[in-house]
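Down below is the structure, laid out as structure tokens.
The values are calculated or read from the model by the stated rules, or taken from the named source; none is laboratory data. Predicted, not measured: the structure shown is a model, and the values here were computed from it. Counting neighbours? That spans all protein chains shown, and the Cβs are built from the backbone with ideal geometry, glycine included.
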């Protein structure tokens, strides 16, 4: 079964704002990371940015997600947004 952190990252990657909001309300670690597609340490904010999911990005930023978190390849959420 998936951890709550993984559920948050996956919901953010899909742009599922309602699920992101529920998980954040349940106090899931906003900066938790999980491996996605062979890349280690992907954060919910990075995945939401990469997918262009503005609603999820806003929710995560409001919850104080770390904007400078870098994944294993050194990419930050801002870099993901620009790619």
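Output yes when any residue across the stretch 36-47 is surrounded by fewer than 22 Cβ atoms within 10 Å (Cβ to Cβ) and under 9 Å from the mean Cα position of the chain (by Cα), and no when none is. No, because not a single residue in the stretch 36-47 is surrounded by fewer than 22 Cβ atoms within 10 Å (Cβ to Cβ) and under 9 Å from the mean Cα position of the chain (by Cα). The set of residues in the stretch 14-37 that are free of Cβ contacts under 8 Å to residues at least 40 places away in the same chain, closer than 15 Å to residue 50 by Cβ and part of a helix (DSSP H, G or I) contains only 14.
Here residue 64 fits the description: modelled with pLDDT of 95 or more, more than 8 Å from the chain's Cα centre (by Cα) and not in a helix (DSSP H, G or I). Every test in (1) at pLDDT 90 or above; (2) part of a helix (DSSP H, G or I) is passed by residue 46 save one, and that test is (1).
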